[in-house]
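The values are calculated or read from the model by the stated rules, or taken from the named source; none is laboratory data. Computed from a prediction, not measured in an experiment: that's the story for all the values here. Heads up, the Cβs are rebuilt from the backbone with ideal geometry, glycines too, and the neighbour counts pull from every protein chain shown.
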Amino acid sequence: MEPALRAADPQLLERLAERVRTHQPNFFLFGHMTSTGTAVAYLLDAICNRNRPKDRRTNFRSFFANAGTEALGGALRTAWRAASHERLRHFPHTLLFDPSRLLRDYFNPCGREEGHELLPGISFVEELGAVARRREEIQPAVVVIRAEPGMPVDVCRELFEVCRRTGTLTILDESLVDFREQGFFCEELHADIVVFGEALADRRMPFGAFLMSERAYRPWSTNATYKLHATTFGGGQTVLSVVLDTLRTQWPPAADEQEVLASIASSRRARRRLYRKHVNKWAPFGFSLSGFDFDLLEASGSTLRTSSGVEFLDCVGCAGANFRGHNPPDLVDVLRSHDPTHDYWSDLREQLHELTGLPCAFPGVSGASVVEHALILAQLAAGERTRIVTFKDNFAGTTPVALNCSTAYGPNEPYGLCRDVVFFDPFSPDTPDALRRELASGQVGLVWLELIRGVDLRRLPDDIFRVINEERQTGGYLVGVDEVLTGAFRTGQFLFSQGRLADPDIVTLAKGLSDMFIPFGVTLVTSALHAAARDRNPELVDALERRLLNQLGSHVAVNALRFAVNHDMGKHVQRVGKRLREGLTEVLRSVDYLGEVRCEVRGEGLLLCLDWSDATSYARLLVSSRLSERGAVLLNRLQCKPPLTISESEIDEIVRRVAQALRGTTQLGNRTRGLVRILSALVIDRVLR
Ligand SMILES: Cc1ncc(COP(=O)(O)O)c(C=O)c1O
């Protein structure tokens, strides 16, 4: 299988270097409104509606992901949430035409029986001619067509028409075709969800997107659900600026579209209105409630400057992706010296081998993609031991395969996840014994865990690690640790699992390796696991080794890790992390009502949060909005994740700003302010409709 991406060309590299040199904002927080994202979504909607008769036009909303396949995963999840739940109870409930033949193995690596696939419920068809018959046989809830070059449009048009009449949701995946040769099929085929892939970023940057019609968007259209499908790197402005260029060149906007694009760039109100209409209906409301409703102008180190001139200290850092701050200056040299013929991926593999002891690596574009690869490889290597053990409130990403281990989300999925996943509450006193029994059963293939849960930064008890270590010899299971958030020095060691879980078979890394610049991630495995997986399915293992390969991302990660090792990053994080924790603890003591609720600072290294026992997400939001507005310091859900290169004086400044913002606050005052915020956010929301 060919990698989805090709080498970056000199013009692109120069353009990217210029963005870094001039401190253009790139990653901040998934879902944050940007004019680039709004413009891309507006144009994609226009393309999808272009040839539709009036009565078939619909309003499309875009979700930005990091690969075509990742976008397809999101499209499937969305369709399953939007489809009739009655129909999802029949298996198989989804018909998928996939000429690439990748997904059949990807979703069911060991060819397991119904319900035991990594992603159950799908019937695969590899000949377009067979789709209509199969549809009649199984009456699916969802039909997916992965378009291929030269695909006869008439056959699909008829199929989509029948689906429309029978209330079957349709997904058209354009990510396997290059529109330069073919144009887009979506201009002729009218699906409920349209998936785009890397071609929109000229196949030079990781990108994917899916567009949802009004009907398909429904699952995400409420205040309670609008954040439930998310990806750390999606919607980064650097990648989207490349996509915007492609769209403008390939489909030169008409005069009226030009006008709208100009208004997106110049008018905050137009931008928010169109973002609400074409990206996320609730995001402007949610971001204004949390105090993050601003337009970013410049991003450098730990500072973000907004269009109204405020300089924020950024402790959101794209949910922990912030390795060396925004736009680290030496990235300019990396981009200008990038040699498209050099194999940076091999350099990175060696570097990671040294840092972790794991010699084999698989490239990814996000946390979810590297967890998916981990689960697939583990299933291939574990053979007859079918069960996956994980822990309550573990987070693994929101693509359908990763959701098997995102137990904070997974059980709510209407379509049914893999039946072989078993989860334990790590904080229940009965768990160590019950876990020991499960691990000794001989049926467990993989134990998969975050050692510090991203949802609340609570660290799993040492007893859990002890049981996993002790039973391993006889239990014969693989141990996989998800270090997407905790890895790459965030907690003061390269991996938080080092010294806690002996010699894991699999480690996943993502956020920090991006260096806040490009979607990136890696799955690391032992050579024994690699060999066992290859024995079972060499084609699939080869495909995983190549499909998301990205030399530019590898180069960026190599440079960042080299910097970290040369500057003794682990020690630095331990030192400044301690200073930050002590400073914040001192501040909490001085605020009466936070003392009363026993608010504490929790976490490790530079992965900290403020929390108290009965805190609700609304209460946290009230405090973080106050920090943003009164202290110009940004903490998402009260988690504090500054760049790992942050200096001691910047740490003191964070503490000073938190203290300043919280001085004099009372619970009553906070609640009143909360009500005022909700009302004003609702007013803004109404005005934008
Ligand atoms: C531990 C862990 N695994 C996986 C993921 C998913 O990563 P992504 O959002 O890049 O898909 C996250 C993201 O927050 C994470 O913290």
Exercise for the section: Could you figure out which of (1) in contact with a helix residue (DSSP H, G or I) (Cβ under 9 Å, 6 or more places away or on another chain); (2) over 24 Å from C110 (Cα atoms) isn't true of A382? Expected result: (2)
Practice task
Name the residue, out of A39, A67, that is crowded, with 23+ Cβ neighbours inside 10 Å, farther than 28 Å from P120 by Cβ and outside the structural domain of V370 (by TED's automatic domain parsing).
Solution key: A39
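Please state which one of P414, P359, P400 is touching a Lys or Arg at 6+ places or on another chain (Cβ under 8 Å) and either among the aromatic types (F, W, Y) or closer than 22 Å to S527 by Cβ (or both). Before the answer, list the steps.
Numbers: P414 fails: either among the aromatic types (F, W, Y) or closer than 22 Å to S527 by Cβ (or both); P400 fails: either among the aromatic types (F, W, Y) or closer than 22 Å to S527 by Cβ (or both).
Within the list P414, P359, P400, the selection yields P359.
Residues in the stretch 550-557: is at least one outside the structural domain of G603 (by TED's automatic domain parsing) and assigned to a loop (DSSP other than H, G, I, E, B)? Working first, answer last.
At the first step, the residues of the stretch 550-557 found to be outside the structural domain of G603 (by TED's automatic domain parsing) are 550-557.
Add one more test, that the residue is assigned to a loop (DSSP other than H, G, I, E, B), and what stays is 550.
Scanning the stretch 550-557 turns up at least one residue that is outside the structural domain of G603 (by TED's automatic domain parsing) and assigned to a loop (DSSP other than H, G, I, E, B).
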Handout entry: helices (runs of 4 or more DSSP H) contained in the stretch 1-117 and holding at least 1 residues modelled with pLDDT of 95 or more
Key = 10-21, 35-49, 68-82, 102-107
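Does T36 satisfy the condition of being in contact (Cβ under 8 Å) with a residue 12 or more places away in the chain and closer than 30 Å to S290 by Cβ?
Working: in contact (Cβ under 8 Å) with a residue 12 or more places away in the chain: yes; closer than 30 Å to S290 by Cβ: yes.
In short, yes.
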Practice task
Name the single residue, out of those in the stretch 503-521 being within 14 Å of the chain's Cα centre (by Cα) and more than 12 Å from the ligand (Cβ to nearest atom), that is surrounded by the most Cβ atoms within 10 Å (Cβ to Cβ).
Solution key: M516
Handout entry: Failed criterion for R204 (all others in (1) away from the ligand (no atom under 16 Å from the Cβ); (2) surrounded by 23 or more Cβ atoms within 10 Å (Cβ to Cβ) hold)
Key = (2)
Exercise for the section: Considering only residues that are in contact with a Lys or Arg (Cβ under 9 Å, 6 or more places away or on another chain) and not aliphatic (A, V, I, L, M), look in the stretch 11-23 and name the one that is nearest to P206 (Cα to Cα). Expected result: E14
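Within the stretch 131-216, considering only helices (runs of 4 or more DSSP H) that don't extend past its boundaries, which have at least 3 residues that are at pLDDT 95 or above?
On the way: elements: 131-138, 153-166, 179-182.
In the stretch 131-216, 131-138, 153-166 are the helices (runs of 4 or more DSSP H) which contain 3 or more residues that are at pLDDT 95 or above.
Which one is surrounded by the most Cβ atoms within 10 Å (Cβ to Cβ) among residues in the stretch 135-171 that are aliphatic (A, V, I, L, M) and more than 17 Å from F124 (Cβ to Cβ)? Walk me through it before giving the result.
Start the filter on the stretch 135-171 by keeping residues that are aliphatic (A, V, I, L, M), which leaves 138, 141-145, 147, 151, 153, 155, 159, 162, 169, 171.
Filter once more, so that each one left must be more than 17 Å from F124 (Cβ to Cβ): 153, 155, 162, 169.
Working: V153: 12, V155: 14, V162: 14, L169: 26.
Of everything passing the filter in the stretch 135-171, L169 is surrounded by the most Cβ atoms within 10 Å (Cβ to Cβ).
Out of the residues in the stretch 221-234 that are in contact (Cβ under 8 Å) with a residue 24 or more places away in the chain and over 19 Å from G512 (Cβ atoms), state the one that is nearest to the ligand (Cβ to nearest atom).
H229
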Handout entry: the stretch 553-604 - residue that is out of contact with any Ser or Thr (no Cβ under 9 Å at 6 or more places or on another chain), over 30 Å from S337 (Cβ atoms) and of a type in the set (D, E) and, of those, surrounded by the fewest Cβ atoms within 10 Å (Cβ to Cβ)
Key = E596
Exercise for the section: Output the residues belonging to the stretch 389-431 that are among the polar types (S, T, N, Q) and touching a Cys at 6+ places or on another chain (Cβ under 7 Å). Expected result: T390, N394, N404
Fill in the blank from the handout: In the stretch 484-515, residues that are closer than 16 Å to P363 by Cβ and aliphatic (A, V, I, L, M) total 7
Fill in the blank from the handout: Restricting attention to the stretch 476-502, the residues that are modelled with pLDDT under 95 and in contact with a Ser or Thr (Cβ under 9 Å, 6 or more places away or on another chain) number exactly 0
Problem - Selection within the stretch 303-344 - β-branched (V, I, T), more than 16 Å from the ligand (Cβ to nearest atom) and assigned to a loop (DSSP other than H, G, I, E, B) - result: V310, T341
Completion exercise
Pairs returned, first residue in the stretch 636-650 that is at pLDDT 95 or above, second residue that is among the aromatic types (F, W, Y), beta-carbon separation under 7 angstrom, 6 or more apart or interchain, are P643/F323; L644/F323; L644/F489
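Can you list the helices (runs of 4 or more DSSP H) found entirely within the stretch 592-689 that contain at least 2 residues being over 31 Å from the mean Cα position of the chain (by Cα) and not β-branched (V, I, T)? Spell out how you get there, then give the answer.
Details: elements: 592-596, 617-631, 648-662, 667-688.
In the stretch 592-689, the matching helices (runs of 4 or more DSSP H) lie at 592-596, 648-662, 667-688.
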Problem - Of residues in the stretch 480-493 being touching a residue at least 60 places away in the same chain (Cβ under 8 Å) and within 15 Å of V389 (Cβ to Cβ), the one farthest from the ligand (Cβ to nearest atom) - result: G480
